[in-house]
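Have a look at the structure below, then the notes.
The values are calculated or read from the model by the stated rules, or taken from the named source; none is laboratory data. The structure displayed is predicted, hence computed values, not measured ones. Positions of Cβ are generated from backbone atoms using ideal geometry, with glycine treated the same way; all protein chains shown enter the neighbour counts. For the accessible areas, the whole protein counts, side chains as well, though only heavy atoms, and no ligand, DNA or RNA atoms are used. Shrake-Rupley method; radii C 1.70, N 1.55, O 1.52, S 1.80 Å.
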Amino acid sequence: MHYKVYLIDVTNRDGVQTSRILLPKLSKTMLNIYLDDMGVYQSEIGFPTLKHEVNYINANIELAKLGVIKRLHLEGWCRAVPEDIELTFKNCPEIKHLNISISTSDIMLQGKFHGSKTWTDIINGLMKSVAMARELGAETVGINAEDASRTELDRLIDFILSGKEGGADRFRYCDTLGADDPITIYERIKTLSLATKFPIEMHCHNDLGMAEAVSVAGAQGAIEGGVDSYINTTINGYGERAGNCDLVSTILALKFSHGLKKKVHLDEHIDLKKTWRIAKYASYAFNLPIPINQPGVGANAFAHESGIHADGALKDRRNYELYDPEDVGRGEPELLETGRIITTGEYGGIKGFRHVYDKLGINFHDDNEARKVLELVQYANLHTQKPLTDDELRFIANYPDIANGVMSVSI
Ligand SMILES: [Zn+2]
């Protein structure tokens with residue numbers, strides 16, 4: 001049997017909780033749709049215990065019920081404490097997937113809880129939380145060990161086996177401070193896999209510039225230890241401090257690096273050709289540039305100028321390129337028009353609105369429907385504070401009630 005690597009994207013949770021960057025709920029929804037279309041296994045969509053996330057999460061669950069989001073697991077994050085599990089299901093009764101988190105290292109137990117929680121308390125809270133999540137309707141539960149990379153292996157084995165016994169589905173190994181290196185994590189994850197036979201998620205940060213290297217090395221350890229692995233990614237690597245493991249680089253590493261492409265099999269649903277669209281959209285929605293040298297999607301990823309390189313690339317692109325621009329979906333038109341254009345938005349009227357939607361090939365049954373969608377487009381533009389993309393406009397017209405839910409907040 002071939003064990004595989006699945007991708008769990010955490011842009012909509014770890015990415016958005018990052019200092020000084022934000023993402024409107026409409027953009028989070030578009031990312032979920034794009035992640036699904038790209039074949040990503042799961043999206044960590046946010047915090048079901050946080051009031052302003054609730055309508056957005058419930059509206060996205062509705063999209064999954066309608067079949068707009070097809071395979072992607074929509075998963076919420078909360079602490080591994082019974083109060084959070086209870087509140088999660090009070091706010092989002094139909095949520096099906098959860099990852100629940102608690103610190104496991106001595107340094108965090110001492111530093112965060114100041115001795116008020118013993119290891120036994122942590123394990124009891126974990127088991128109670130898993131059981132409660134199951135009882136309230138969770139189909140899958142992941143158990144996250146925060147600061148796993150600074151936690152002894154014996155303790156992690158205890159954590160995993162307790163969660164497994166309680167009915168959890170996966171263990172998330174959090175390299176919260178980005179302190180692991182590829183060789184250490186490979187060995188640690190292999191030991192954990194052999195000892196527990198429980199699937200492992202890699203959650204790695206980039207403080208030492210090794211998030212992708214550490215994630216794929218850990219995944220290899222899991223697979224060689226006889227379990228499936230799940231790598232946590234974010235689009236363009238956006239995330240806490242120096243960021244998280246980048247989605248696109250991770251796929252490229254698994255598909256094209258000499259060793260990994262033979263040994264570590266990526267979920268076959270992943271469609272690398274959807275890369276360009278999702279990376280460009282995330283950059284636009286977050287208002288953050290893609291670095292010129294970003295793997296696959298940076299402006300220079302396929303650019304050659306120096307004499308020897310340009311000559312070599314012109315004779316045979318394989319002299320200097322591991323993969324082609326088309327492999328990552330480059331060559332698609334840009335998100336926004338650059339010539340003369342009529343736009344619709346916050347202060348738009350019905351004529352311009354109809355012109356824009358005619359160009360998208362979308363017609364409305366009657367004036368009432370058109371005016372309702374126009375109003376939503378105005379709100380959406382107010383909400384995102386930047387010109388709406390064609391896909392956003394299509395989404396609002398096709399699912400007006402859900403778009404309304406996504407953009408609303410109840411107090
Ligand atoms: Zn994190």
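Brief remarks on what is shown
- The helix-based estimate of mean residue ellipticity at 222 nm for the chain, built from -39,500 (n - 2.57) per DSSP H run of four or more residues and divided by its residue count, is -14000 deg cm²/dmol to the nearest 500.
- Simple rule: put +1 on each Lys or Arg Cβ and -1 on each Asp or Glu Cβ in the chain, find the dipole, and look at GLY352, GLY225, PRO199; the Cα lying farthest toward the positive end is GLY352.
- Taken one residue at a time, the phi angles of the range 356-365 give Karplus couplings (6.51, -1.76, 1.60, θ = phi - 60°) of 4, 6, 4, 5, 7, x, 10, 10, 10, 4 Hz. Gly and Pro are set to x.
- Highest-MSF residue in the chain out of ASP271, ASP121, ASP147 [GNM, Cα springs under 10 Å]: ASP121
- Taking label positions 7 Å along the Cα-Cβ direction at both ILE350 and LYS90, the computed distance is 4.5 nm, reported to one decimal.
- When both the range 329-400 and the range 226-241 are represented by their alpha-carbon centers, they are found 33 Å apart.
- Cα Rg, Dmax, the chain, angstrom units: 22.4, 67
- Among the listed pairs LYS4/LYS190; LYS96/LYS261; LYS197/LYS261; LYS28/LYS51; LYS51/LYS280; LYS4/LYS112, those beyond 25 Å (Cα-Cα): LYS96/LYS261; LYS51/LYS280; LYS4/LYS112
- Relative to the Cα centre, the charge distribution of the chain, modelled as +1 at Lys and Arg Cβ and -1 at Asp and Glu Cβ, gives a dipole magnitude of about 220 debye.
- Separation of the LEU208 and LYS128 label points, Cα + 7 Å toward Cβ, nm: 3.7 nm
- Nitroxide proxy distance, nm - points 7 Å out along Cα→Cβ at ASP154 and HIS52: 4.6 nm
- For ARG172, distant residues with modelled amide H under 5 Å away: ILE143, ASN144, ALA145, GLU201
- Remark: the chain carries 44 Å² of accessible area per residue (probe radius 1.4 Å; ligands, DNA and RNA excluded).
- Accessible surface of the chain [probe 1.4 Å, protein heavy atoms]: carbon and sulfur percent: 53 percent
- Using the average count of surrounding beta-carbon atoms within 10 Å as a protection proxy, the listed peptides 280-290, 217-227, 306-316, 100-110 rank, highest first, as 217-227, 100-110, 280-290, 306-316.
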